[in-house]
Amino acid sequence: MSGYTSPEHHPAFEEYCETIFELAEDGLQVIQARIAERLEVSRPAVSEMVRRMADEGLVSTSGSGEISLTPSGQALAQTMVRRHRLAERFLTDVLNLSWAEAHHEAGKWEHVISPRVEAAIVEQLGDPTTCPHGNPIPGSDYVEPELVPLVDADRSVDMVITRIPEELEFTPGLLEFLEDNHVLPGTTAKVLAISPDGTTTLEVDNKIVGISAFTAERIMVSQRN
């Protein structure tokens, strides 16, 4: 296992670098409006913070307004994402918190976990490669399987729920809904039908579950041959 280290920064810089990393990880264009939406802050506040981060050498901005992490920003982001996802795994696997509780609490833990505590968590958990939602932990030995969006999966064929991207973790109530209906990484499911409005009907653990088009386009699955 390899880890990431970076100089200490103000928690706000850590939060913004993490957000930029996760937006890019989900294939979204990283612009100020998306950062503002994800962090639930004003556009002027984001503009000021991005300016300060650029002065610190953490981000750069293109002529079209797209924001990218510099190598220093990327290192800081990977540190924070790694600690957040390790904290989520610890909170769910060891302390038995729900997905939603773990996601909320990990947002606090990530800023205070020291390298020594991080190493102890890794040892306790057996060096996990993903968070509870299936997203890769930076610095782990994660190897991504071949994945397709749930909405594109073959119908009536077994598939395995593999990844709930960060974008869905910030949708109010969605983590609770997915957990309550066993739409969890590692769970086997089948697509039974897709309605004209994009709602995807799944069979999961002998239960019928309806998944919205927005969600079905983002959940990633692996199909069994």
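The values are calculated or read from the model by the stated rules, or taken from the named source; none is laboratory data. It should be emphasised that the depicted structure is a prediction, and the values quoted were computed from it without experimental measurement. A quick note on method: Cβ atoms are made from the backbone with ideal geometry, for glycine too, and the neighbour counts reach across all protein chains shown. With ligands, DNA and RNA removed, areas are computed over all heavy atoms of the protein, side chains included. Shrake-Rupley method; radii C 1.70, N 1.55, O 1.52, S 1.80 Å.
If I filter the range 32-56 down to residues being within 18 Å of the chain's Cα centre (by Cα) and surrounded by 13 or more Cβ atoms within 10 Å (Cβ to Cβ), which single residue comes out as nearest to Leu69 (Cα to Cα)?
Ile35
What is the residue count in the range 62-73 for residues that are surrounded by 22 or more Cβ atoms within 10 Å (Cβ to Cβ) and assigned to a helix (DSSP H, G or I)?
1
Under 7 Å by Cβ, and 6 or more places apart or on different chains, what pairs join a residue from the range 204-218 that is among the charged types (D, E, K, R) with one that is assigned to a strand (DSSP E or B) and open to solvent by 20 Å² or more (accessible area, probe 1.4 Å)?
Correct list of pairs: Glu217/Pro149; Arg218/Pro149.
Given Leu91, Leu76, which one is aliphatic (A, V, I, L, M), in a helix (DSSP H, G or I), over 15 Å from Glu14 (Cβ atoms) and open to solvent by less than 30 Å² (accessible area, probe 1.4 Å)? It would help to see each step written out before you state the result.
Numbers: Leu76 fails: over 15 Å from Glu14 (Cβ atoms).
None of the other options fit; the residue is Leu91.
Of all residues in the range 1-31, count the ones that are of a type in the set (Ser, Thr, Tyr), at pLDDT below 95 and surrounded by 14 or more Cβ atoms within 10 Å (Cβ to Cβ).
Residues that pass the stated criteria total 2.
Being part of a helix (DSSP H, G or I) and within 28 Å of Ile137 (Cβ to Cβ) is the filter here, so list the residues in the range 33-53 that pass it.
Initially, the range 33-53 is screened for residues part of a helix (DSSP H, G or I), giving 33-39, 43-53.
Arg34, Ile35, Ala36, Glu37, Arg38, Leu39, Val46, Met49, Val50, Met53, listed by residue number.
Identify all residues within the range 76-105 that are modelled with pLDDT of 95 or more and among the small types (Gly, Ala, Ser); write none if there are none.
Of everything in the range 76-105, those that are modelled with pLDDT of 95 or more and among the small types (Gly, Ala, Ser) turn out to be Ala77, Ala87.
Scan the range 191-209 for residues that are within 25 Å of the chain's Cα centre (by Cα), open to solvent by 40 Å² or more (accessible area, probe 1.4 Å) and over 19 Å from Gln223 (Cα atoms) and jot them down.
Hit for the range 191-209 is Thr199, nothing else.
Across the range 144-185, what is the number of residues that are in a strand (DSSP E or B), crowded, with 19+ Cβ neighbours inside 10 Å and not hydrophobic (A, V, I, L, M, F, W, C)?
Counting residues in the range 144-185 that are in a strand (DSSP E or B), crowded, with 19+ Cβ neighbours inside 10 Å and not hydrophobic (A, V, I, L, M, F, W, C) gives 2.
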